[in-house]
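J.: Have a look at this one.
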Number of protein chains: 2
Amino acid sequence: MRVRVAINGFGTIGKRIADAVSLQDDMELIGVSKTRPNYEALAAVRRGYPLYVPADRLEVFEEAGIRVAGTLDEMLSKADVVVDATPGGVGAKYKPVYEEHGVKMVFQGGEKAHVAEASFNTLCNYEETLGKQSLRVVSCNTTGLLRIICSIHKAFGVKAVRAVIVRRGADPKENKRGPINSIVLNPPRLPSHHGEDVKTVLPWLDIMTAAVAVPTTLMHVHFLNVKLEKRVSREDVLGVLENSPRIVIASASGTGIQSTAELVEYARDLGRARYDLPELVLWEDSITVAGNELLLFQAVHQESIVVPENIDAIRAVAKLETDPAKTIEKTDKALGLRRGWLS
Amino acid sequence: MRVRVAINGFGTIGKRIADAVSLQDDMELIGVSKTRPNYEALAAVRRGYPLYVPADRLEVFEEAGIRVAGTLDEMLSKADVVVDATPGGVGAKYKPVYEEHGVKMVFQGGEKAHVAEASFNTLCNYEETLGKQSLRVVSCNTTGLLRIICSIHKAFGVKAVRAVIVRRGADPKENKRGPINSIVLNPPRLPSHHGEDVKTVLPWLDIMTAAVAVPTTLMHVHFLNVKLEKRVSREDVLGVLENSPRIVIASASGTGIQSTAELVEYARDLGRARYDLPELVLWEDSITVAGNELLLFQAVHQESIVVPENIDAIRAVAKLETDPAKTIEKTDKALGLRRGWLS
């Protein structure tokens, strides 16, 4: 049985999820939906994805000469699961439409947590989300934080996390966002929302985050200070992280990769589509253990990190797979994700 | 009695110290020295500063048509104190020359700590440095860290500091440095040297720092997590910081200043020379107290923050003033520095 998936929104996240769904043998991509007839709509057609539009947008697409397969309602009527990849906050407005069609829903982290029955990260709470009517895949930064926290927590127990997020200012395609030459407190009032968002999945965690936005489009960088339940060695930590899914470890001294620029260049050299790096990247050089404190730097590719979790979330709501390890294996194999050392 | 000050190096730091020395009624600027006949040398002449050059550079300056007052040796022979503002590491090479002339020496943070008898910050260790033959004013980031740490320590006791430094990639005048669009781990191996540099002044402190470099030229931003000896209220902290010299407090919600761009714009609007902000800027909105943890954001103007400390260091080696509060008052009045709320 293949679950029929529709994707509403075909921007940065939606187009990547569409590609990823197409690669799964237990899913069928019914179609994608978009409101504006721009170059991304053209790309959807070129990729052969059935393109649906809200009924009141049919004319606009016709004028633009873009052939559509039907209306959003028609797409939803054929689907078992809809992935909402509309801009942040817009998903909540579509929710009643999705409910009318009785489809299961996967929302993105741009929505408020209460949009869905649960917030989701495969490594943290897959079992608890099985069969839910709606899930929310947390945002890119939160996904990056959860991957490392849950991997470390399973092995050693995490008591508290203090993290600083150095955010990319805009995505590569955006040309109306800043900053162009400053460091913006994002926000000035502490803590930033990222820690609170982590708590939508791990409500017991003592976590505080701060964030700044800087003039780059490539990736985010996090600095983490993790207080562990017990003292461990650096080797213990590396041993766990080497075997954690969706995490790769880069050695700056061994590879010359010291920045997000070099990481992206390596993704391009590897032939990654759109230079995507859905894996969380940790720097081995930065991994420092002092007493029961663990310090490290990690990088998050904001455009693609949530894609594997979206695939798993589809499996969770559709109850296609009950074992998180198995959905991870399946998703990561289909998407070509790596783990262990980056080399 | 006015102490005779010579400045070797007339780049980003040297030219600002020359201006600041000129404004002190207990100091006389003997001259400045430079090795290259560039626009900064022209600016020195235009400002009326006697310009000295190493003997082997006389010809180069003559060819460039820049009138010089004499050789570096001649300048040093007239001085009581030399401020070395040559590029990082070059000061150590000049040290024997300075010693030949028997002048007291003030080095910058780009030199290794052992270049001088002590590393220096007025708020932390002024009394201990009185009459030394040589001092090293620590770098911009270290100065920013020391100002806040020593202010807080005097009031509440500081046990430990964990800080992340988001560094400007280059100074405004530089056109051969990056990054242009990435976040660089600086360095990947933790901790960064800044914490170690703080310990050259506060050897007892448990401090670890991490740093990234980002594509901006305006200022650095620090995120600090300070563990205090006791629990305090946010009001207690604000009460202390409002009255700390060389620290100003910005309210993002009250002033709309949320980034380094807006801070610099405000400095320009205030008519500050070169838009300098030698004050450490704290964001009130970010000041957060949780148990005995204090969290906050601060900004450091890399080009000017060390200038007041250089003036004080001259007074310390020359024993012009034994009371740190009095040199601070004198320096800050002459330079027009503010404290308290930015408004």
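J.: If a cysteine in chain B has no other Cys Cβ under 4.7 Å from its own Cβ, put it on the list, ordered by number.
T.: When partners are defined as cysteine Cβ atoms under 4.7 Å apart, chain B leaves B:C140 without one.
J.: Follow-up. Quick one: net charge of B:T209's neighbours, Cβ under 10 Å, K/R +1, D/E -1?
T.: -1
J.: Also, I was wondering about something else. Does region B:141-305 come out rounded, prolate or oblate, given a ≥ b ≥ c as the square roots of the eigenvalues of its C-alpha gyration tensor, rounded meaning a/c under 1.5 and, failing that, prolate meaning a/b above b/c?
T.: oblate
J.: Restricting to region B:141-305, what percent of DSSP beta bridges are antiparallel, rounded to 5?
T.: Expressed as a percentage, antiparallel bridges in region B:141-305 total about 65.
J.: Another one. What are the distances, in nm and sorted shortest first, from the label point of B:L58 to the label points of the same position in each other copy, with each label point placed 7 Å from Cα along the Cα-to-Cβ direction?
T.: Nearest to farthest, the other copies are at 9.1 nm.
J.: Mind putting a number on the dipole of chain A about its Cα centre? Charges go on the C-beta only, +1 for Lys and Arg and -1 for Asp and Glu, and I need it in Debye to the nearest 20.
T.: In debye, rounded to 20, chain A gives about 360.
J.: Rounded to the nearest 0.05, what FRET efficiency is calculated for A:T322 and A:A160 with R0 set to 56 Å and r the Cβ-Cβ distance?
T.: E between A:T322 and A:A160, to the nearest 0.05, is 0.95.
J.: Among A:S251, A:S139, A:S151, whose mean-square fluctuation peaks in a Gaussian network model of chain A (Cα, cutoff 10 Å)?
T.: A:S251
J.: Could I ask something else about it? Within a Cβ distance under 12 Å of B:W283, other residues only, what is the Lys/Arg minus Asp/Glu net charge?
T.: Taking every other residue near B:W283 into account, the sum is -2.
J.: From the label point of B:G254, set 7 Å from Cα along Cα→Cβ, how far away are the matching label points in the other copies, in nm, ordered shortest to longest?
T.: Inter-copy label distances (nm, one decimal, shortest first): 5.2.
J.: Just grab the label-to-label distance for A:D25 and A:A113, each label 7 Å out from Cα along the Cβ direction, in nm (one decimal).
T.: About 3.8 nm separates the two model spin labels.
J.: What percent do you get for the relative contact order of chain A when only Cα pairs under 8 Å and 6+ apart count?
T.: 18 percent
J.: Assuming 0.36 nm per residue, please report the length gained on full extension of the stretch B:K93 to B:E329 beyond their Cα-Cα distance.
T.: 81.6 nm
J.: Mind checking the angle between helix A:260-269 and chain A's longest principal axis? C-alpha axes, 0 to 90 degrees, to the nearest 10.
T.: Roughly 60 degrees between the two axes.
J.: Taking each residue of B:186-194 in turn, how many C-beta atoms of other protein chains fall within 10 Å of its C-beta, and what is the average?
T.: 5
J.: With +1 assigned to the C-beta of every Lys and Arg and -1 to the C-beta of every Asp and Glu, and no other charges, what is the dipole magnitude of region A:178-241 about the Cα centre in debye, to the nearest 20?
T.: Using Cβ point charges on Lys, Arg, Asp and Glu, region A:178-241 gives about 120 debye.
J.: If you don't mind, there's one more thing I want to ask. Below 8 Å between Cα atoms, with a sequence gap of 6+, how large is the relative contact order for region A:141-305 in percent?
T.: Relative contact order here is 28 percent.
J.: For the protein assembly as shown, give the share of DSSP beta bridges that are antiparallel, in percent and rounded to the nearest 5; count only bridges with both residues there.
T.: 40 percent
J.: Between B:A273 and A:S251, what is the spin-label point distance in nm, taking each point 7 Å from the Cα along the Cα→C-beta axis?
T.: Once both label points are built, they end up 5.2 nm from each other.
J.: Still on this structure, I have one more. Jot down the per residue volume, in cubic angstrom and as a whole number, of the convex hull over the alpha-carbon atoms of region B:1-144.
T.: 111 Å³
J.: With axes computed from alpha carbons, what is the tilt in degrees of helix B:90-100 against the longest principal axis of chain B, rounded to the nearest 10 within 0 to 90?
T.: With both axes taken from Cα atoms, the answer is about 50 degrees.
J.: Rounded to the nearest Å, what's the spacing between the alpha carbon centres of region B:207-269 and region A:152-177? Just the number, please.
T.: 21 Å
J.: For chain A, just the Cα set please: Rg and Dmax, both in angstrom.
T.: Calculated on Cα positions, Rg and Dmax stand at 19.8, 65 Å.
J.: Further, regarding this structure: Place the label 7 angstrom along Cα→C-beta at A:G271 and in each other copy, then list the distances from the first to the rest in nm, shortest first.
T.: 6.6
J.: Using a simple spin-label model with points 7 Å from Cα along the Cα→Cβ vector, what separation in nm is obtained for B:S77 and A:N243?
T.: Distance between the two pseudo-spin positions: 7.5 nm.
Read the figures in this text as sums done on the coordinates, not as results from a lab. Bear in mind that the values here come from a model prediction, so they are computed numbers and not experimental data. No Cβ is skipped: glycine too gets one built from the backbone with ideal geometry, and neighbour counts run over all protein chains shown.
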